[in-house]
Amino acid sequence: MADPPRRGRPSAPTFIVPPPLPPVDLPNLDINIRQLAAVTSLVFDCMRWLAEHRLITNTFTCQACDQPMRLQKREGRDYIDGYAWCCPGCQRRNSIRVNSFF
Ligand SMILES: [Zn+2]
């Protein structure tokens, strides 16, 4: 029997790029500054490119309750990227830059 239709907003995703991530060979990346500017000109496109190239994490697990955190759109000065990892269990939030050099 099929599941009943869900109500309300769909859950935020637990990833930036739908897994599995494509293979990447960052040391041999063949891209010039003009191409890089084009693929990173919009915030979400930039996040996607960084996640695909393993420069930011594509998924993040809450360190307090071990649940996959959800990627949510966030506004305000505490969220300069416009997105944050949010735990559906304990409501903790982390920057999308967590564990990166950014
Ligand atoms: Zn949590």
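Throughout, read-outs are computed from the coordinates displayed, never taken from laboratory work. None of these values were measured; they are calculated from a predicted model. No Cβ is skipped: glycine too gets one built from the backbone with ideal geometry, and neighbour counts run over all protein chains shown.
The table below gives the values:
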{"read-out": "The chain shape via C-alpha gyration tensor axes, a/c threshold 1.5", "value": "prolate"}
{"read-out": "Across the chain: Cys residues that no other cysteine approaches within a C-beta distance under 4.7 Å", "value": "C46, C65, C86, C90"}
{"read-out": "For Q67, residues with placed amide H under 5 Å, excluding near neighbours", "value": "C62"}
{"read-out": "GNM result for the chain, Cα springs below 10 Å: residue of P27, P18, P68 fluctuating most strongly", "value": "P27"}
{"read-out": "In region 38-102, trypsin sites (Lys or Arg not before Pro) in a DSSP loop with at most 12 other beta-carbon atoms within 10 Å", "value": "R54, R77"}
{"read-out": "C-alpha long axis of helix 43-52 to longest principal axis of the chain, angle in °", "value": "80"}
{"read-out": "Calculated from backbone phi, Karplus (6.51, -1.76, 1.60) coupling profile of region 23-31 in Hz, x at Gly/Pro", "value": "x, 9, 10, 4, x, 10, 4, 10, 8"}
{"read-out": "Estimated FRET transfer efficiency (S11, V43; beta-carbon r; R0 22 Å; 0.05)", "value": "0.55"}
